[in-house]
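The values are calculated or read from the model by the stated rules, or taken from the named source; none is laboratory data. What you are looking at is a predicted structure, and each value in this text was computed from that prediction instead of being measured. Neighbour counts run over all protein chains shown; Cβ positions are idealised from the backbone, glycine included.
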Amino acid sequence: MNPTETLGRWIADHPFLILAAALLLTIASLHYAQQIEMQGMTTESMVGKDSPLYQLFDHLYAEKFATESIAVIVEADDVTKPEILRAMDRLSQKMRQVPNVLAVTSIADIVAEREENENGVRAIPTQERVDDILAYPANLPAVSGMMPDKKHTLLSIDLPITLNEGPLREIYQETSAQVQISQFPPDVVVTVTGEPALMQSITEEMAVSNGPIMALAGLLMIVALLISFNHVKWSLLPIPIVFLGIVWTFGAMGFLHIPFTIVSMSAFPVLIGIGIDYAIQFHNRIDEEFTKGSS
């Protein structure tokens, strides 16, 4: 008797033990699947950390020179109005206190710092004084870079590029919260954007869309199996096998701390295809054994 036949007979003789083990594994997988970290498209998703290319990027560029920014875009009829600049200055000072924030720059900072240097008090002055400060020749390059016209301006929050997904998400959420409490006038439109905000939005969209995508994939798989194997007694047998395989895979990802990225998502169509193929082969073997009268 070969080893595989011995294993098969042992499994056939202990069905409740196998079912109990599968149930425990499924429960554990459901628990660990909740610990999966969602990530957008990052350098680590595409290049291994042991790669010379990644090490040069990480040690020579990212750690010493590179920064990234969260951009807060302010839109109004006139963004140089003192009440708008006061709200921007409140936002700037709050964000400077957030851990991992390197710098915050805006036209409000230019005006407030100039006023502090000349009068000893950091404040936003009258409209006439604001126009004079923004028109200083020394300030024109910075002002033109942050305010292309009177209706739009930018507040930039500089961050180290070495931050991972967790701190970036916290800073993005803190920025959005501070925008709400900075008392911008009602007619002012404030938008939090930039690469960290974009990656956070992509990650959130991935998390939201995973459920409908998996449900649609399951529905289409059922339709395909019913059409292709309608002559078979158990045409839907691949469904629970593939479902268990996906649950166990998610559990393994959570247990091994493998993040869910765009790259890892591409493995699931392969997993589903292999699961269906395995289930069909399993079904054929069962039919073959029943035909021979074997157990």
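Details
- Residue count for the stretch 245-263 satisfying the condition of being within 21 Å of THR26 (Cα to Cα) and either among the small types (Gly, Ala, Ser) or not in a helix (DSSP H, G or I) (or both): 9.
- Figure legend. Inter-residue proximity from the stretch 101-126: first residues free of Cβ contacts under 8 Å to residues at least 12 places away in the same chain, second residues in a loop (DSSP other than H, G, I, E, B), beta-carbon distance below 6 Å, spacing 6+ or different chains. Indicated pairs: GLU116/ARG122.
- Of all residues in the stretch 159-214, those satisfying the criterion of being within 19 Å of GLU68 (Cβ to Cβ) and of a type in the set (A, V, I, L, M, F, W, C) are LEU159, ILE161, LEU163, LEU168, ILE171, VAL179, VAL192, ALA197, LEU198, MET199, ILE202.
- Which listed residue is surrounded by fewer than 19 Cβ atoms within 10 Å (Cβ to Cβ) and under 30 Å from GLY273 (Cα atoms), from GLU170, GLU195, GLU174, GLU205: GLU205
- Qualifying residues in the stretch 255-287 (those that are crowded, with 18+ Cβ neighbours inside 10 Å and among the small types (Gly, Ala, Ser)) - the one nearest to SER201 (Cα to Cα): GLY275
- Taken over the stretch 109-132, the criterion of being under 15 Å from GLN93 (Cα atoms) and surrounded by 11 or more Cβ atoms within 10 Å (Cβ to Cβ) is satisfied by ASP109, ILE110, VAL111, ALA112, GLU113, GLU116, ARG122, ALA123, ILE124.
- Only one of ALA252, ALA224, ALA215 that is at pLDDT 80 or above, loosely packed, with under 11 Cβ neighbours inside 10 Å and among the small types (Gly, Ala, Ser): ALA215
- Single residue of the stretch 1-30 satisfying the filter (of a type outside the set (Val, Ile, Thr) and surrounded by 12 or more Cβ atoms within 10 Å (Cβ to Cβ)) that is nearest to TRP248 (Cα to Cα): SER29
- Any pair with Cβ under 9 angstrom, 6 or more apart, that starts in the stretch 178-204 at a residue that is on the phi > 0 side of the Ramachandran plot and touching a residue at least 60 places away in the same chain (Cβ under 8 Å) and ends at one that is of a type in the set (Asp, Glu) and part of a helix (DSSP H, G or I): GLN183/GLU83
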